[in-house]
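Each remark here refers to the structure printed beneath this line.
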Amino acid sequence: MNDASSPPSLSRQQAGQLLQALRAEMCKAVIGQQAAIDDILIALIANGHILVEGVPGLGKTLLVRALARCFGGDFGRIQFTPDLMPSDITGHAVYDLASEQFKLRKGPVFTHLLLADEINRAPAKTQAALLEVMQERQVTLEGRALPVPQPFLVLATQNPIEQEGTYPLPEAELDRFMLKLRMDYPEADDELALVRQVARSPRADMLEVATLRPLLQAADVLALQGLASELPLDEQVLDYAVRLVRRTRDWPGLTLGAGPRASIDLVRCGRARALLRGGDFVTPDDIKDCAPAVLRHRVCLAPELDIEGLSVDRVLEQLLDQVAAPRP
């Protein structure tokens, strides 16, 4: 296993081959969700957290478990519930009778990949336990700042239609998610293949991830992140990303626009997408394709449009169509 402190040197060609193999391996378990797989890989390469939203049964948790299975680092899972306490996430001090001293017991947040399952089922006090670690990659316990392993990603899931027993995510926490991914129903052929495969499985209605091969170590992820950050980015493409985000602040139908963190994340995602497709530089299409997932949780729809049944994605689609992209 590679030491994460000294990332291996990867060429862009090797990175492309590794990412294609990883994508193909995840597709064996997560059927009919190619766009979701690409988005979660983009978040991994861009070193950003991801919020996965979808109705029950679409494979949100399966998607994260498949990535964790293909990853040779540490994986932790927290099932969020109304009675979950902040210390259940970050850890706490316990008194050791043998040494007559308090010792720190680290929580499940000290891992590489953290699955926050049904994150909106815990109250704001508990959700706030993630704010520091998501932003600073460290946890303060008993006055000590303890770093978490690198890379570190929070992959959270939530059900958008269930309201009873749920708590909306605070804006400060939403803004810390690089991407908000929406999983939709699979196409008919994909659903047929999924049902056929699950019907042969002895584990009721679950798809297997145990057969997936670990293709990626922690050091490999750091190397991919380093490669993506060095991809050439033309000044016009950078300006296009910033213009898109700034346009959300005065766009008709949006009462709240995205902040500068969205501009930064959009550029990082554009670079990650370019590396994922095997490109040598970032194109305007890389920025445009990443924009909905980067922006949809950072803007607020005007109440009158919400009443009319217009979605945030539809408004963002109109914005993307009307903000001019740079031409070669």
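Where a number appears in this text, it was derived from the coordinates with a stated rule and is not lab data. None of these values were measured; they are calculated from a predicted model. So basically every Cβ, Gly included, is an ideal-geometry build from the backbone, and we count neighbours across all protein chains shown.
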- Query: DSSP beta bridges in the chain, what fraction antiparallel, as a percent rounded to 5?
  - Reply: 40
- Message: Counting C-alpha atoms alone, how compact is the chain: give Rg to one decimal and Dmax as a whole number, in angstrom.
- Response: 20.4, 70
- Message: Please compute the length gained on full extension between Q79 and V242, using 0.36 nm multiplied by the number of residues separating them and subtracting their Cα-Cα distance.
- Response: 55.0 nm
- Message: Test of understanding: ordering F80, F177, F110 by Cβ neighbours within 10 Å, fewest first, what list do you get?
- Response: F110, F80, F177
- Message: Projecting each Cα onto the charge dipole of the stretch 231-328 (Lys/Arg +1, Asp/Glu -1 at the beta carbon, about the Cα centre), which of P232, L254, V312 comes out farthest on the positive side?
- Response: P232
- If one builds a Gaussian network model of the chain from Cα atoms under 10 Å apart, the most fluctuating residue listed among D83, D286, D175 is D83
- Item | Partnerless Cys - the chain, beta-carbon criterion under 4.7 Å | C27, C70, C300
- Query: So what's the back-of-envelope 222 nm ellipticity for the chain, counting only DSSP H runs of four-plus at -39500 (n - 2.57) apiece and dividing by all residues, rounded to 500?
  - Reply: -12500 deg cm²/dmol
- Item | Per-residue Cβ neighbour rank within 10 angstrom, fewest leading, Y95, Y240 | Y95, Y240
- Distance in nm between D184 and A21 label points, each 7 Å along Cα→Cβ, equals 3.3
- Which listed residue (V30, Q17, A199) has the Cα farthest towards the positive end of the charge dipole for the chain, taking +1 on Lys and Arg C-beta and -1 on Asp and Glu C-beta about the Cα centre? Q17
- Note on the structure: Ranked by GNM mean-square fluctuation in the chain (Cα springs under 10 Å), the top entry among R268, R296, R246 is R246
- Note on the structure: Given backbone amide H placed at 1.01 Å from N, residues whose amide H is under 5 Å from that of A93, ignoring those fewer than 5 places away on the same chain, are R105
- Task: Give me M26, M183 ranked fewest to most by other Cβ atoms within 10 Å of their Cβ, as a rough exposure proxy.
- Result: M183, M26
- Under 5 Å from the placed amide H of L141, counting only residues 5+ away or on other chains, we find L146
- Item | Centre separation in Å (Cα based) which lies between the stretch 274-328 and the stretch 219-239 | 20
- Message: For the chain, what does the relative contact order come out to in percent, with C-alpha contacts under 8 Å and a separation of six or more?
- Response: 24
- Note on the structure: Listed residues V195, V282, V154; largest mean-square fluctuation, Gaussian network over the chain with Cα springs below 10 Å, found at V195
- Item | Point-charge dipole on Cβ atoms (K/R +1, D/E -1) for the chain, about Cα centre, debye to 20 | 640
